[in-house]
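Note sheet for the following structure.
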Amino acid sequence: MNTSLAAILLRFWLGLLGAVAGGLIVYRVEIFDPLSPAFKTLTLGSTLAGLLALWRSAARGHAGALAAGYALFSLGFVNAYGWLTAFSGTAVGIGLLATTLIFDALAARIPFGKFLFVGPLVGGLLFAVTPMMEFRDLVPLGSLDALVAYGQLGWILGTGVALGVEVSDWILRPRSEGSDHASKWGQIYFLHRFSPKIAKQRRK
């Protein structure tokens, strides 16, 4: 696993690119407006991208600090939004860290395709914390619509961020790993293709 600063930055920026793509699908260019509530989608995506980038680069202490900072920062909005909304941010921070741990655990078994699991996990996380949050500005619909809207948003963001990090993992993979896989498949093909002919020649 590549643990250099360049690796961290590559994982982060490709993950953030996935978050931006997901945000654009849902809220268009409003995600770039700091005065718009839709800007929250970009902050959430960048947080997940940072967690995955740091953890996958073996900077696990830094990843934990990022999750703790996000949770504590959310508590700073108690006076403005109340305890439930503040605690929802804390729950999101813990949930994103848990999602990062799951992603890393799957990496040993699933070379590519982990984003298919991360999307539903983040979607389920935001779906679960929606009742604790106030979405009148971001999703001016009924409570059920807010649940569905934020669940879908989490699915899109989680998928985009995880896909970006997976692509960076593939780029940063040890070159020997790729050659070993190629050599292995080459040997299998050779044995399958030519072993019967060799056996026949020996029998003759």
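The values are calculated or read from the model by the stated rules, or taken from the named source; none is laboratory data. Computed from a predicted structure; not experimentally measured. All Cβ positions, even for glycine, are placed from backbone atoms using ideal geometry, and neighbour counts span all protein chains on display.
The single residue among Ala146, Ala128, Ala162 that is under 28 Å from Ala49 (Cα atoms), buried (at least 19 other Cβ atoms within 10 Å of the Cβ), in the same structural domain as Thr90 (by TED's automatic domain parsing) and modelled with pLDDT of 80 or more turns out to be Ala162.
The rows are residues; the columns are (1) more than 22 Å from Ala162 (Cβ to Cβ); (2) at pLDDT 80 or above; (3) among the polar types (S, T, N, Q); (4) touching a helix residue (DSSP H, G or I) at 6+ places or on another chain (Cβ under 8 Å).
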{"residue": "Val78", "(1), (2), (3), (4)": "yes, no, no, yes"}
{"residue": "Ala86", "(1), (2), (3), (4)": "yes, no, no, yes"}
{"residue": "Leu96", "(1), (2), (3), (4)": "no, yes, no, yes"}
{"residue": "Thr100", "(1), (2), (3), (4)": "no, yes, yes, yes"}
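For the stretch 43-66, the tally of residues that are more than 11 Å from Arg11 (Cβ to Cβ) and of a type in the set (D, E, K, R) stands at 1. When the stretch 18-35 is examined, which residues are found to be in contact (Cβ under 8 Å) with a residue 40 or more places away in the chain and surrounded by fewer than 18 Cβ atoms within 10 Å (Cβ to Cβ)? Correct list: Ala21, Ile25, Val26.
Among the residues in the stretch 51-59, are any more than 16 Å from Gly164 (Cβ to Cβ) and either in the same structural domain as Leu125 (by TED's automatic domain parsing) or at pLDDT 85 or above (or both)?
yes
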